[in-house]
Amino acid sequence: MWMSANHTALCWAPKILIIKMVRRKSLVLAALLMVSVLAALPAGWWLARAVSRGLMLPAPPPRDLTHYMKTKSLRDYLMDIDLLLEPSRTSCDTMSNIPGGNYLESKQFNDILVFDFYDQYQNLTLKTALILKWASEKCPQAKFIFKTDDDVLVNPWMLYNVIKDHPNAQLLGYSINETKLHRDEYNKYFVPRWLARDDVIPQYLSGTGYLINGAYIKSILHTAYTVPMMNVEDVYITYLVAKKTLNLTLTHDRRVSPMRPWVTFSCLYWQLAAAHSVKPTEILRIWPNLKIIGKEYNRKKKVCLGYEFFNKDIFLY
Ligand SMILES: *[C@@H]1O[C@H](CO)[C@@H](O)[C@H](O)[C@H]1NC(C)=O
Ligand SMILES: *[C@@H]1O[C@H](CO)[C@@H](O)[C@H](O)[C@H]1NC(C)=O
Ligand SMILES: *[C@@H]1O[C@H](CO)[C@@H](O)[C@H](O)[C@H]1NC(C)=O
């Protein structure tokens, strides 16, 4: 009996003890929890706000591609676009449509083309097609035309060397290989699948600058009239039309660069025929230096000695 009672007591005692301990512990824990919840409230509120802000997607960039549902014919689009201004011609009757700055610059240098259409990123294909059309009609003697953008610093001396190194190239520029079309509508280069079916683009030339051999301008334009148009200009002209449909060769030269040097020494720009993402103020600063180097170069002097090491894509971004 005793043994058994004692045994029971021994058995229970720890149990009770344990329960007590837990109870005491839970009180402490509860108090700790209260304090930490109070302390965590502002932090939690801040975190929740940050997370919800992070999760809240901004509206996709404004872009209207629905007009492609009506027609993807480049010819239809070009038919509706009037030429307002071109070299050696200043038509006063259309002057009211021409932005004043363009009109004055054209008066001064006589080298501007103005077309009457909505200048918006998604209409870039039209801009390039209009260049091709104008060049094939008004400048058929051109050996090459160079299509580039206004945020590109062009070095005509190096561009000339690029052409000299590939005189028979059909299209010439910076070759970008095995990329995919962007199906994400938040991307600047978004192309819906109904607009272009190709998911993978085996090869195209970067639209920041590429050369088209004059002998192929007409055939590229006329073939483009048969290839459904889309908004990503360089992929459309250099891949879908020139390479995929016409089987033209896209020649790669890294000097026609879609990048720019990390360090803004004029000699690093000199080594390139084109540098991209350059601000107007940078162009104004570097261009006079390129002209000085160019003059020396014209006199057959060695220029930019010691910079050869940096003439690689790893020094560009
Ligand atoms: C250019 O883009 C705008 C906006 O996406 C569109 O409304 C317009 O019709 C396009 N085409 C021309 C020829 O302006
Ligand atoms: C793309 O391919 C061409 C030849 O097929 C090659 O010369 C070029 O270096 C490649 N482009 C890049 C950026 O590596
Ligand atoms: C495309 O051109 C290449 C040469 O650049 C040639 O080898 C190939 O046979 C041509 N393909 C077709 C389908 O004509």
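The values are calculated or read from the model by the stated rules, or taken from the named source; none is laboratory data. Quick caveat: nothing in here was measured; it's all calculated off a predicted structure. Cβ sites come from the backbone with ideal geometry, for glycine too, and all protein chains shown count toward neighbours. Accessible surface is based on the protein model in full, side chains and every heavy atom, while ligands, DNA and RNA are left aside. Shrake-Rupley method; radii C 1.70, N 1.55, O 1.52, S 1.80 Å.
For G294, neighbours were defined as the other residues whose beta-carbon sits under 13 Å from its Cβ, and their charges (Lys and Arg +1, Asp and Glu -1) total +4. Measuring nothing but how far apart in sequence close Cα pairs (under 8 Å, 6+ apart) lie, relative to its length, the chain scores a relative contact order of 18 percent. Highest mean packing comes first when the peptides 202-214, 286-298 are listed by Cβ atoms within 10 Å, giving 202-214, 286-298. GNM on the chain, alpha-carbon springs under 10 angstrom: the most fluctuating residue among F109, F117, F190 is F109. Accessible area per residue for the chain, computed on protein heavy atoms with a 1.4 Å probe, is 62 Å². Stretched out straight at 0.36 nm per residue, the stretch from R75 to T179 would grow longer than its current Cα-Cα span by 34.7 nm.
GNM on the chain, C-alpha springs below 10 Å: top fluctuator among W262, W157, W46? Result: W46 has the largest fluctuation of those listed. Under the simplified labelling scheme, the K301-L41 pair shows an inter-label distance of 7.6 nm, with each label point 7 Å from Cα along Cα→Cβ.
For a straight C-alpha distance cut-off of 16 angstrom, the aspartates and glutamates reachable from K279 (same-chain residues fewer than eight places away being disregarded) are D149, D150, D151.
Note on R49/A215: beta-carbon distance plugged into 1/(1 + (r/R0)^6) with R0 of 45 Å gives a FRET efficiency of 0.15.
Say R0 is 41 Å: what FRET efficiency, to the nearest 0.05, do M34 and N187 get from their beta-carbon distance? So the FRET efficiency works out to roughly 0.30. You can think of it this way: the chain between D313 and R285 has 7.8 nm of extra reach, that is 0.36 nm per residue less the Cα-Cα gap.
Potential lengthening of the chain between T226 and F117 amounts to 37.1 nm, from the contour at 0.36 nm per residue minus the alpha-carbon distance.
Projecting label points 7 angstrom from Cα along Cα→Cβ for N168 and K138 puts them 3.3 nm apart.
Compared with the dominant principal axis of the Cα atoms in the chain, helix 2-55 is inclined by about 20°.
Put the Cα centre of the stretch 228-297 next to the Cα centre of the stretch 133-202 and the gap is 10 Å.
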